[in-house]
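Report on the structure given below.
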Amino acid sequence: MFCPSCGELVTENQRFCAHCGTELRQAQPVVALGSVANNLLIPAPDQDAILIGRDPALRDTAHCYLDHPAISSQHARIERRGDQWFVVDLYSSKGTFVNYQRVPPGPIGQPVTEEDTIWVAPYAFHLRTTGPRSELHSAHMRLDAHGLHSQVKVGRDTVTILDLRATPLSFSPGEFVALVGGSGSGKTTLMKALNGMAPAQEGQVAIDGRAIIEGRNAHAFAALFSIMGYVPQDDVMHRDLTVTELLRYVARLRLADLTAAEIATAVDEALAAVDLSPHAGKLIRHLSGGQRKRVNIAMELLARPRLLFLDEPISGLDPGLDLEIMTLLRNWARGTSEAGVDGRSDPKTIVLVTHATENIEQCDYIAFMEPGGRLAYFGPPRDAKRFFVPEREPDDVTYSEIYRRVAGPPPAAQGRDGGQQATWADAYRESTNFERYIVARQPAEIEGYARPVAALEPVAPVRINLPTRPELQVGLQQFRILVGRYARLIGRDKLNAAFLFLQAPLVALLLAAVSSPQALRPAGALDAEKVLFILACAAVWLGVINSTKVIVAEQDIYQRERLYGLGPAPYVLSKITVLGGIGLLQMALLVFFMNLAILLPDRGLVGPVQLEYFVTLVLSTVAGMALGLLTSALARTLDLANTLMFLLLIVQVIFSGLLFEPVGLAQIPASLTISRWALQALGTSTDLNRLLTGVMPGYDWNPAYRADLVHLLACWLILVLYAAICIGLACWRQARK
């Protein structure tokens with residue numbers, strides 16, 4: 001709808017224009033799209049199956065073609081089995097949902113009735129068996145919050161951080177809403193309660209009149225993750241990629257079913273939307289702060305979200321860039337750039353948190369939060385000036401003054417019921433603004449929490465020819481993408497990459513400088529055990545040092561990509577694969593330079609000693625990398641990761657078995673020390689017992705170095721199991737984040 005006075009876009013449920021305050025009873029409607037009630041999928045007469053997807057071959061057929069990047073080429077199938085209709089998910093990457101509950105992928109499917117709401121990415125519709133067929137349109141998201149309340153423990157006290165129990169909120173499609181207030185007033189807490197990332201302890205969040213978050217239960221929100229965007233406050237991205245590379249990796253991870261050509265088109269459109277096409281080839285680190293903010297937004301625009309949440313997207317920008325981004329978001333929310341000649345527009349719902357208020361009037365509404373997480377005001381920005389500073393004209397009031405006023409109690413005044421207004425939230429509830437912008441905007445009713453789909457009774461297996469897309473294939477695709485990205489990131493930092501490959505030669509040269517060339521021969525055998533100890537520790541240390549910061553350093557990126565559907569196993573395995581490849585080359589260089597600097601034994605236990613050394617050192621460094629990745633997954637900060645890394649390195653020295661022989665309870669940590677098994681394997685290949693017996697009269701034969709193939713294989717197997725267990729635990733830890 002358009003306001004008859006100022007011409008601004010308004011929504012159907014508004015009673016007053018947010019810009020000029022005109023009553024909207026006479027406003028002229030514009031064609032609205034996406035209402036679930038109006039979105040009906042109706043099979044053709046005698047049609048028993050409807051294929052839903054993005055495959056162009058479905059155009060102009062009795063099947064259902066839906067054009068959105070989150071929809072798979074062959075996404076789902078609705079089919080008749082006797083008198084019952086079923087929804088079958090064809091292993092789609094983003095899932096098919098009935099009443100916000102995901103349909104298990106595979107041929108069994110889920111029964112569906114005419115009352116059920118089917119979600120396929122942004123399309124929400126009902127199934128009807130009769131009637132005229134019409135085009136499906138993307139859903140327009142109305143967002144309602146009721147009774148939100150959260151508390152946290154601070155020492156022995158319980159502190160309220162969000163309290164909207166008395167002030168429900170409603171955001172309509174096409175509205176651009178800002179959450180503002182002082183630090184610690186609950187802005188980000190409210191936003192994360194609305195988008196399901198950190199649900200409030202109490203209350204409901206509803207989409208289009210149906211509660212999808214009930215207290216801490218936000219499982220139903222999974223139906224919307226593919227069409228919801230979240231732009232965090234920090235520039236969460238890899239800065240050693242170009243803008244195009246970054247967006248392509250995001251698109252390949254988030255929109256797994258797109259072809260390379262479709263991804264290139266989506267990237268170009270996102271760059272054009274934020275006016276970054278001229279900078280597509282620049283490294284992220286070379287962009288200005290405002291340009292990085294726009295890249296941050298472009299990452300979300302790739303998926304064409306219907307709901308977009310932004311946390312401080314304009315912080316630190318100059319007023320010109322601030323206005324540019326706010327105008328971009330306002331136009332995108334209203335869908336004005338996408339309105340067609342038939343009067344149709346495609347509005348979205350955008351909610352942002354911000355401290356910057358210079359261009360806040362670009363928003364349709366602002367929600368002003370006061371300490372304690374209470375809502376001090378909700379309504380048009382200019383009306384906020386009248387509410388907080390009624391004694392002056394709005395043009396003479398700045399939002400900085402409002403910030404100062406909200407930090408304290410309202411002026412002494414009696415409410416309409418005769419009570420004292422102790423907080424701005426109390427004052428707001430007593431004002432006409434509350435009736436106009438809170439009460440008048442509430443939906444007629446909120447349906448209960450998303451009900452489960454009808455129970456599926458056991459039926460005889462039905463043979464259906466369906467395209468298969470097992471989860472393993474999705475994981476392998478993500479793994480390949482992440483391996484390529486991580487390798488590119490390492491290679492992009494050429495100085496660090498060069499140092500990685502110089503580490504092993506430096507260890508060999510330093511060892512050669514302090515030991516005899518005959519150290520592993522009878523002439524210098526007194527130093528043999530020390531040389532092997534240095535080799536074992538060097539392999540483990542290189543593995544631990546090169547991996548301990550890897551996961552924790554990009555934990556924000558990982559958590560953002562988890563919203564895209566990134567699996568923890570592909571993520572961790574991609575790290576160990578690339579690091580393991582580097583470790584393999586490092587150990588090859590270490591053995592090569594050791595062979596030049598020190599005379600190695602003539603042969604190993606079963607073959608060339610160089611090969612046995614190489615296998616032991618590679619397994620040791622990979623085990624060290626796995627331990628480092630687990631530590632990185634467990635650590636919450638880089639500082640903690642550094643502290644833990646130091647402890648791990650010391651443990652490898654103390655419990656290696658060379659300096660001290662562990663006894664009693666010390667044998668437990670000793671048995672869990674990588675360097676201990678690496679040293680034993682190296683000593684076995686060297687036949688250290690025979691070597692030391694010849695030069696040390698009275699030497700006690702050490703069973704840890706016995707020249708036994710079974711013992712050597714046991715040491716190798718322990719190192720493999722050690723790495724596997726650490727990698728598994730790292731995957732488990734990442735899955736819980």
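Laboratory data are not the source of any read-out in this text; all were calculated from the coordinates shown. Predicted model only: the values in this text are computed from it and were never measured. Because the Cβ atoms are built from the backbone with ideal geometry, glycine has one as well, and the counts that use them run over all protein chains shown.
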remark   = Measuring from the longest principal axis of the C-alpha atoms of the chain, the long axis of helix 494-514 (C-alpha) lies at a number of degrees, nearest 10, equal to 20 degrees
ask   = Within the stretch 76-175, which GluC sites (Glu not before Pro) sit in a loop by DSSP and count at most 12 neighbouring Cβ atoms inside 10 Å?
value = E114, E115, E135
query = What do you get for Rg/Rh over the stretch 161-277 if you use C-alpha atoms and the Kirkwood form of Rh?
reply = 1.03
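If R₀ is 30 angstrom, what is the calculated FRET efficiency for the pair I650 and L506, using the beta carbon separation as r and rounding to 0.05? Before the final figure, lay out the partial values.
Details: r = 21 Å, r/R0 = 0.70.
E(calc), rounded to 0.05, equals 0.90.
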remark   = Filtered hits (aspartates and glutamates, Cα-Cα < 15 Å from K385, offset >= 8 within chain) -> E358, E361, D364, E393, D395, D396, E401
key: Sequence-distant lysines (8 or more away, or on other chains) whose Cα lies within less than 21 Å of K94   = K348, K737
inquiry  = Can you find, among G215, W85, L649, the residue sitting farthest towards the positive end of the charge dipole of the chain, where Lys and Arg contribute +1 and Asp and Glu -1 at Cβ?
reply    = L649
inquiry  = Testing the spin-label approximation: label points 7 Å from Cα along Cα→Cβ at T398 and N331. State their distance in nm.
reply    = 2.9 nm
key: Mean Cα-pair separation over length for the chain, i.e. relative contact order, pairs under 8 Å, 6 or more apart, %   = 12 percent
query = What distance in nm separates the simple spin-label points at V695 and N217, each placed 7 Å from Cα in the Cβ direction?
reply = 7.3 nm
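Using a Förster radius of 56 Å, what is the FRET efficiency between L283 and D708 based on their Cβ-Cβ separation? Nearest 0.05, please.
Details: r = 54 Å, r/R0 = 0.97.
E between L283 and D708, to the nearest 0.05, is 0.55.
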key: Karplus-derived 3J(HN,Hα), 6.51/-1.76/1.60, for each residue of the stretch 82-95, Hz, glycine and proline x   = x, 9, 10, 9, 10, 9, 10, 8, 8, 6, 5, 6, 10, x
query = In debye to the nearest 20, how big a dipole does the stretch 478-735 give about its Cα centre with +1 on each Lys and Arg Cβ and -1 on each Asp and Glu Cβ?
reply = 800 debye
task = In whole angstrom, note down how far apart the Cα centers of the stretch 693-737 and the stretch 90-154 are.
result = 52 Å
note = Taking Cα atoms, the helix 319-334 axis meets the longest principal axis of the chain at an angle in degrees (rounded to 10) of 70 degrees
Principal-axis tilt of helix 289-301 within the chain, Cα atoms, nearest 10 degrees = 80 degrees
Potential lengthening between S671 and E114 on full extension [0.36 nm per residue; Cα-Cα distance subtracted] = 194.2 nm
ask   = Just for the Cα atoms in the chain, what are the lengths along the principal axes, largest first, rounded to whole Å?
value = 106, 71, 52
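Between L634 and H355, what's the calculated FRET efficiency when r is the beta-carbon distance and R0 is 30 Å? Round to 0.05.
E between L634 and H355, to the nearest 0.05, is 0.35.
Expressed in nm to one decimal, what extension gain is obtained for the pair A44 and N595 from 0.36 nm per residue of sequence separation less their Cα-Cα distance? Can you show the working numbers first?
Values: separation 551, 0.36 × 551 = 198.36 nm, distance 7.68 nm.
Net length gain for the segment: 190.7 nm.
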key: Cross-link partners of K494 among lysines (Cα-Cα below 19 Å; sequence separation of 8 or more within a chain)   = K282, K549, K575
Charge dipole (debye, nearest 20) of the chain; +1 at Cβ of Lys and Arg, -1 at Cβ of Asp and Glu = 1420 debye
ask   = Which value at 222 nm does the chain reach when only helices count, each DSSP H run of 4 or more adding -39,500 (n - 2.57), with the total divided by all residues and rounded to the nearest 500 deg cm²/dmol?
value = -12500 deg cm²/dmol
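In a shell of Cβ-Cβ distance under 9 Å around A356, excluding A356 itself, what net charge do Lys and Arg (+1) and Asp and Glu (-1) give?
For residues surrounding A356, the net value is -3.
Give me the net charge of L224's neighbourhood, meaning all other residues with Cβ under 12 Å from the Cβ of L224; Lys, Arg count +1, Asp, Glu -1.
Working: positive: K94, R102, R210, R306; negative: D208.
Counting the neighbours of L224, the net charge comes to +3.
Taking 1 over the mean of 1/r across every pair of different Cα atoms in the stretch 468-591, what Kirkwood radius in Å do you get? Before the final figure, lay out each step's value.
Working: mean 1/r = 0.0592 Å⁻¹.
Over the stretch 468-591, the inverse of the mean reciprocal pair distance is 16.9 Å.
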task = Specify which residue in the list L246, G543, L526 is farthest towards the positive end of the charge dipole of the chain, using unit charges on the beta carbon of Lys, Arg (+1) and Asp, Glu (-1), about the Cα centre.
result = L526
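Between exposed chymotrypsin sites (Phe, Trp or Tyr not before Pro) in the chain, where DSSP calls loop and at most 15 other Cβ atoms lie within 10 Å, what's the longest gap? Can you show the working numbers first?
Working: sites that count: F660, Y699, W701.
It works out to 1-659.
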